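Below is one structure, written out as structure tokens; the observations come after it.
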Ligand code: KIV
Ligand code: NA
């Protein structure tokens, strides 16, 4: 059984076998992916995926800690990374350190992830210098949805230089890896070639140093919408609903519980020893 990699192990995977990662928000799902993933992210996507929020802006530190603790209980081989939620780090390095340290102390996570490029470089530098490994997240940054004006591809045409500058800035500031979300394939490849840290693609390129998906998206549990970059590896939502519908019909027909699910007046006789 392998030991969970740390941030420096992940950094060292630059240019090697692609890093595998998924999001998780609960213990049982974390258990299912533990041996298959290099790292598992408790994304602030939890707000939309599990809590029905319409964006990630309403996600709180308390939610990240609660789900972070749950996921931590399900992992022994994959590294745990937790998203810093909107409003928990943007004021400046001191606020960012205080909240990142709380996430690490209360969940045992090995690193935090935060959104932003050039504008977050100073904060990343200070966190890393003071003992907190940071995964950066550039391109489409969903916490900035209100200033980006929609979940659009980032870095097309004249925007490409800005995304490349973001990648260079976070790498230079000491981030151990960087998520590239919804950027054109060629730009993702260029960034991957130019920065010394692993790029983790989501809606980016197969040429990235790793990939991440939201687990409920790829398993077909989250069906409110499906981004183009999601590949459905299973269709569990409809499967779950079919099971629920069958249960409802059984209950109404008094077909559930069956004889095997109910208890007799008397306890069954003790089993006779086999030898
Ligand atoms: O919150 C999240 O799930 C993420 C990944 C999609 C990278 O940030
Ligand atoms: Na996120």
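Specify, per residue and in Å³, the volume enclosed by the convex hull of the alpha carbon atoms belonging to the range 80-227. Before the final figure, lay out the partial values.
Details: hull volume 17.2 nm³, N = 148.
For the range 80-227, the hull spanned by Cα atoms encloses 116 Å³ per residue.
When only C-alpha pairs under 8 Å and at least 6 residues apart count, what is the relative contact order of the range 7-236, in percent?
Numbers: 482 pairs, mean separation 43.4, N = 230.
About 19 percent, as a whole number.
Divide, for the range 54-102, the radius of gyration over alpha carbons by 2.2 N^0.38 Å, where N is the residue count. Write out the running numbers ahead of the final one.
Working: Rg = 12.0 Å, N = 49, 2.2 N^0.38 = 9.7 Å.
In units of the 2.2 N^0.38 Å rule of thumb, it is 1.24.
Under the Kirkwood approximation for Rh and a Cα-based Rg, what ratio Rg/Rh is obtained for the range 1-125? Intermediate results must be reported in sequence, preceding the final value.
Details: Rg = 14.3 Å, Rh = 14.8 Å.
That ratio equals 0.96.
Test of understanding: express the Cα radius of gyration of the range 164-224 as a ratio to 2.2 N^0.38 Å, with N the residue count.
Working: Rg = 12.6 Å, N = 61, 2.2 N^0.38 = 10.5 Å.
With N residues counted in the range 164-224, Rg over 2.2 N^0.38 Å equals 1.20.
Springs between alpha-carbon pairs under 10 angstrom, Gaussian network model over the chain: which of 123, 107, 147 fluctuates most?
The residue that fluctuates most here is 147.
Quick one: 2, 226, 182, 113, fewest Cβ neighbours within 10 Å first, how do they rank? Can you show the working numbers first?
On the way: 2 9, 226 12, 182 21, 113 25.
Fewest-to-most Cβ neighbours within 10 Å comes out as 2, 226, 182, 113.
So for 104, 120, fewest C-beta neighbours within 10 Å to most, what's the order? Could the numbers behind the result be given before it?
Numbers: 104 19, 120 26.
In order of increasing Cβ crowding within 10 Å: 104, 120.
Averaged over all directions, how much area does the convex hull of the C-alpha atoms of the range 96-169 cover when projected, in nm²? Don't skip to the end; give the middle numbers.
On the way: hull surface 21.6 nm².
About 5.4 nm², averaged over all directions.
Could you state the orientation-averaged shadow area of the convex hull built on the Cα atoms of the chain, in nm² to one decimal?
Details: hull surface 79.5 nm².
If you wrap the Cα atoms of the chain in a convex hull and average its projections, you get 19.9 nm².
Can you tell me the equivalent ellipsoid semi-axes for the range 57-152? Use √(5λ) from the Cα gyration tensor, largest first, whole Å. Please list the in-between numbers first.
Details: eigenvalues 93, 53, 30 Å².
So the three semi-axes of the range 57-152 are 22, 16, 12 Å.
Which order results if 223, 192 are arranged by neighbouring Cβ count within 10 Å, fewest first? Mind dumping the intermediate values first?
Working: 223 14, 192 23.
Arranged by neighbour count, lowest to highest, 223, 192 become 223, 192.
Could you tell me how far the Cα centroid of the range 193-259 sits from the Cα centroid of the range 7-57, in Å?
The range 7-57 and the range 193-259 have Cα centres separated by 14 Å.
Give me the compactness ratio for the range 211-275, meaning the Cα radius of gyration over 2.2 N^0.38 Å. If you can, show how the numbers build up before the last one.
Values: Rg = 21.0 Å, N = 65, 2.2 N^0.38 = 10.7 Å.
It is 1.96.
Readers should treat all values here as calculations from the given coordinates under stated rules, not as data from a laboratory. The shown structure was predicted, so the numbers you read here are calculated from the model rather than taken from an experiment. We place every Cβ from the backbone using ideal geometry, glycine too, and count neighbours over all the protein chains shown.
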